[in-house]
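Encoded as structure tokens, the structure appears first; notes follow it.
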Amino acid sequence: MAHNFSHTDAASRPGAGHPEGPKETIDRFLDAIWMERGLSENTLGAYRADLLALTQRLSERSVELVAAKKSDVLDYISWRVEGGAKPRSTARQLSSFRRFYRYLLREGTISEDPTAHIAMPKIGRALPQSLTEEEVDALLGAPNVSEPLGHRDRAMLELLYATGVRVSELINLKLSQMNLNQGVLRIVGKGDRERLIPLGDEAQDWLREFIDGPRVEILLERQSEYLFPTRRGDRMTRQAFWHIIKRYAKKAGVGKKLSPHTVRHAFATHLLNNGADLRVVQLLLGHSDVSTTQIYTHVARERMKDLHARHHPRG
């Protein structure tokens, strides 16, 4: 893969005639983590943007990027928060900084990591806005199922809500991953971890209908391994599906600000509201680490309080 993140050369390395500037240090860091982890251009771009923003703020205080202390990083974070930064984006920036300074520490460029004792902001409260069960019903009912593409969209939305899969997993689904006899999907998620997800009866019915009729009409003699092909017979892009959801939300009168994850969050929240265990939700969402599912604990906690109030004699 062509990697265009490096603009460094031997001359700009430390000790090679002149000191390295912050941009070169950032380039060197990006090269190193790209080599180590094979990260995507988007991820590397986000790291770069975070580190350049920090560099800019530090330079206003006449502090070098490599000389930053804990107080300098905290100053940057509090400045961002005062400017309205959300806990989630602050946490993302902090993890960029942490990775950068750990790299410098490993390389021997610095002797102390300024981010070592900075606590991650609590993001439990920043739960993405979820849809009510009525809103989900309205969204699912929005496509015109008398048209092949409308039927495809309905099947996609039904599957998304029934399983809570990620949008990237949904558009990449292949026929071979679905077993309608057993009513399960086999999903290979992040880090090549495989999980089996049960399909509800409703989603199964929509999928059966779709595969037997509208899918054949969409493909018109072409072959595709993808479960939800486009008119051209290839797989849908994330952006295209995202436009579809926004269009149907508007049609359904759902005024909330949606994100590609909204239906996934609704899936998790509604499961918990109806008594599912947090661990089960974790498995279904494909979170390897329960802390990722932790954003839903407050949903589960509210439900427990409600149950306690209703069923305990002194509630």
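Couple of notes before you dig in:
- Complete set of residues in region 227-262 that are touching a strand residue (DSSP E or B) at 6+ places or on another chain (Cβ under 9 Å) and farther than 20 Å from VAL145 by Cβ: GLY233, ASP234, ARG235
- Screening SER96 on (1) farther than 30 Å from GLU24 by Cβ; (2) in contact with a Phe, Trp or Tyr (Cβ under 6 Å, 6 or more places away or on another chain) shows it passes everything except condition (1).
- Test: residue in region 143-150 that is over 30 Å from GLY21 (Cβ atoms) and crowded, with 19+ Cβ neighbours inside 10 Å: yes
- Evaluating PRO22 against the criteria (1) out of contact with any Ser or Thr (no Cβ under 6 Å at 6 or more places or on another chain); (2) at pLDDT below 90 leaves one unmet condition, (1).
- Of the set (1) at pLDDT below 90; (2) within 30 Å of the chain's Cα centre (by Cα); (3) surrounded by 14 or more Cβ atoms within 10 Å (Cβ to Cβ), all apply to ARG88 but (3).
- When the helices (runs of 4 or more DSSP H) confined to region 75-165 are screened for residues that are touching a residue at least 60 places away in the same chain (Cβ under 8 Å), under 30 Å from ARG208 (Cα atoms) and of a type outside the set (D, E, K, R), those reaching at least 1 such residues are found at 133-140, 148-163.
- From ASP50, ASP113, ASP31, residue being surrounded by 13 or more Cβ atoms within 10 Å (Cβ to Cβ), in contact with a helix residue (DSSP H, G or I) (Cβ under 9 Å, 6 or more places away or on another chain) and either more than 23 Å from LYS190 (Cβ to Cβ) or modelled with pLDDT under 90 (or both): ASP113
- Verdict on ARG215 being assigned by TED's automatic domain parsing to the domain that holds ALA162, within 22 Å of the chain's Cα centre (by Cα) and basic (Lys, Arg): no
- Qualifying residues in region 249-264 (those that are of a type outside the set (A, V, I, L, M, F, W, C) and at pLDDT 90 or above) - the one surrounded by the most Cβ atoms within 10 Å (Cβ to Cβ): LYS251
The values are calculated or read from the model by the stated rules, or taken from the named source; none is laboratory data. If you're wondering where the values come from, they're calculated on a predicted model, not measured in any experiment. Note that each Cβ is placed from the backbone with ideal geometry, even for glycine, and that neighbours are counted across all protein chains shown.
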